[in-house]
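Asks: Structure incoming, see below.
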Amino acid sequence: MSKLKKTLLIASAAFLAILVIAFALLVFAVQNPEYRNVKKERVPGKDLSQVEMSWNMHAGIDDLVFGLASSQAQRFFRDGVESASIEEHLRNIQFYLPEIDEPGLQEFTVNTLDGPMQTGVLALKWIGPDSPTFIYNHGASQIPFDALIRGIVQSGPYDPQANILVVKAPFHTTSRGELAEGSSTVSRFLAVLATVCRVDESLVQAMRKSGSPFIVVAGLSMGGYTTNLHRMHFNTADLYLPVVAGTKFADAFLHGSPAHPAALEKAETLKRTLDFSARWNDEPANVIPLLARYDRITRIQVQGPAYKGTVVEVWDTGHITTATSVQALNEFLFKHFEEASE
């Protein structure tokens, strides 16, 4: 057998092995367990600093998915990491919230420190102005932006009799790469977070005024970080449910899904602008966080302690396998919602 044939056979075998592993990871990823079948525990955040990150299928799926998206992630902050504080961004958001009184998407323009951005609110479910309200913030680069929450609402045992309002973050219209392209600087990314946070607050105030008796703000991944931002800066909702998110957003760009190489050279600046843990100075009873033990993006040993004494629900899953567990998320989100609103 010629040397070329041997090389081709070896390469073919290696490629086939990679395909088999990738297929096995994919099959594992799309498992959709019920809440009762998810291995979990509840632990004060301050006790999670020593959690060991062992590699398993959950972690492997995160590595595979975010590894394939690494070229996209490296577009983040390519033009600079300097920014005004998140507080300054929040103060400079200006917009008019359209009236929400029926199902459907309403898009509008928000003026930010970094110029105008397009956002929107989808009334995924509308019961009435005096009904309980569930506000949801989606994750980064989720296209369509409402796909996951639709799956969660349609799965599992809970069908909440509530208004379900989904905030559409800027740069979530055309493709998964749109957010990275739009977030050329940390300042522009903070403008995105501030936009979502301020729209959350406007929705809370509008629904309170219309007679909604109970309001929840929830979110997954990037949406979980903006959920925590709203709690830290406004704390006007009755309950907060951040999923696979914390308060130290810089860690995701430094380790789990690295940003542009030039940005990584300025890690301390990233931490100064994207870590919000200094404002988490209490142990609120109206926050129930969910973290994943094998999450390679929202690392539990980093994000957990930032919650201090707040009790965290810890699933034995990864970032991706948490998001694909829509039946379990249905029960986590809407069981807490119903119990707290009674």
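Asks: Which fully enclosed strands (runs of 3 or more DSSP E) of the range 33-125 have 1 or more residues being at pLDDT 90 or above and of a type in the set (S, T, N, Q)? Steps first, answer last, please.
Replies: On the way: elements: 40-44, 104-112, 115-125.
In the range 33-125, 104-112, 115-125 are the strands (runs of 3 or more DSSP E) which contain 1 or more residues that are at pLDDT 90 or above and of a type in the set (S, T, N, Q).
A quick yes/no check of all residues on (1) among the hydrophobic types (A, V, I, L, M, F, W, C); (2) in contact with a Leu (Cβ under 8 Å, 6 or more places away or on another chain); (3) closer than 21 Å to A250 by Cα; (4) buried (at least 22 other Cβ atoms within 10 Å of the Cβ):
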| residue | (1), (2), (3), (4) |
| --- | --- |
| Q301 | no, yes, yes, no |
| A306 | yes, no, yes, yes |
| V311 | yes, no, no, no |
| I320 | yes, no, yes, yes |
| S325 | no, no, no, yes |
| E342 | no, no, no, no |
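Asks: Would you check which residues across the range 80-107 are surrounded by fewer than 14 Cβ atoms within 10 Å (Cβ to Cβ) and of a type in the set (A, V, I, L, M, F, W, C) and list them?
Replies: Once the filter is applied, which keeps residues that are surrounded by fewer than 14 Cβ atoms within 10 Å (Cβ to Cβ) and of a type in the set (A, V, I, L, M, F, W, C), the range 80-107 yields only L105.
Asks: Can you pull out the residues in the range 169-203 that are surrounded by 17 or more Cβ atoms within 10 Å (Cβ to Cβ), without any contact (Cβ under 8 Å) to a residue 40 or more places away in the chain and either of a type in the set (S, T, Y) or in a loop (DSSP other than H, G, I, E, B) (or both)?
Replies: Correct list: H172 only.
Asks: Considering P160, P129, P144, which residue is surrounded by 20 or more Cβ atoms within 10 Å (Cβ to Cβ) and not in a strand (DSSP E or B)? Break it down into steps so the answer makes sense when it comes.
Replies: Values: P129 fails: surrounded by 20 or more Cβ atoms within 10 Å (Cβ to Cβ); P144 fails: surrounded by 20 or more Cβ atoms within 10 Å (Cβ to Cβ).
Result: P160 is the single residue among P160, P129, P144 that is surrounded by 20 or more Cβ atoms within 10 Å (Cβ to Cβ) and not in a strand (DSSP E or B).
Asks: Taking the range 135-159 as the region of interest, how many residues are among the small types (G, A, S), under 23 Å from Q72 (Cβ atoms) and touching a residue at least 40 places away in the same chain (Cβ under 8 Å)?
Replies: Start the filter on the range 135-159 by keeping residues that are among the small types (G, A, S), which leaves 139-141, 147, 151, 155-156.
In the following step, the residues that additionally are under 23 Å from Q72 (Cβ atoms) were identified as 139-141, 147, 151.
Filter again for touching a residue at least 40 places away in the same chain (Cβ under 8 Å), leaving 139-141, 151.
Count: 4.
Asks: Determine whether L270 is closer than 14 Å to A73 by Cβ and surrounded by fewer than 18 Cβ atoms within 10 Å (Cβ to Cβ).
Replies: On the way: closer than 14 Å to A73 by Cβ: yes; surrounded by fewer than 18 Cβ atoms within 10 Å (Cβ to Cβ): no.
No; evaluated as a whole, the condition is false for this residue.
Asks: Any chance the range 147-155 includes a residue that's over 23 Å from F66 (Cα atoms), buried (at least 17 other Cβ atoms within 10 Å of the Cβ) and within 16 Å of the chain's Cα centre (by Cα)?
Replies: no
Asks: Might you let me know whether the range 2-21 holds any residue that is among the polar types (S, T, N, Q) and either within 30 Å of Q327 (Cα to Cα) or at pLDDT 55 or above (or both)? Give the steps one after another, and end with the answer.
Replies: Quick first cut of the range 2-21, residues among the polar types (S, T, N, Q) only: 2, 7, 12.
From the residues that got through so far, the ones that are either within 30 Å of Q327 (Cα to Cα) or at pLDDT 55 or above (or both) too are 2.
Yes, the conditions are met somewhere in the range 2-21.
Asks: Another one. For the range 204-237, give me each residue that is hydrophobic (A, V, I, L, M, F, W, C), more than 16 Å from F337 (Cα to Cα) and buried (at least 24 other Cβ atoms within 10 Å of the Cβ).
Replies: M222, L229
Results for (1) in contact with a Lys or Arg (Cβ under 9 Å, 6 or more places away or on another chain); (2) of a type in the set (S, T, Y); (3) under 28 Å from E268 (Cα atoms), shown as yes or no for each residue.
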{"position": "N137", "(1), (2), (3)": "no, no, yes"}
{"position": "D146", "(1), (2), (3)": "yes, no, no"}
{"position": "S155", "(1), (2), (3)": "no, yes, no"}
{"position": "F189", "(1), (2), (3)": "no, no, yes"}
{"position": "V196", "(1), (2), (3)": "yes, no, yes"}
{"position": "F214", "(1), (2), (3)": "no, no, no"}
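Asks: If you go through the range 177-220 one residue at a time, how many are out of contact with any helix residue (DSSP H, G or I) (no Cβ under 7 Å at 6 or more places or on another chain) and basic (K, R)?
Replies: Step one: filter the range 177-220 for residues out of contact with any helix residue (DSSP H, G or I) (no Cβ under 7 Å at 6 or more places or on another chain), giving 178-179, 181, 184-185, 187, 189, 192, 195, 199, 202-213.
Then keep just the ones that are basic (K, R); that gives 208-209.
The number of residues fulfilling the criteria is 2.
Asks: Taking F77 as meeting all but one of (1) out of contact with any strand residue (DSSP E or B) (no Cβ under 6 Å at 6 or more places or on another chain); (2) closer than 20 Å to Q205 by Cβ; (3) surrounded by 15 or more Cβ atoms within 10 Å (Cβ to Cβ), write down the number of the exception.
Replies: (2)
The values are calculated or read from the model by the stated rules, or taken from the named source; none is laboratory data. Because the structure is a prediction, the values reported are computed rather than measured. Cβ atoms come from the backbone with ideal geometry, glycine included; neighbour counts cover every protein chain shown.
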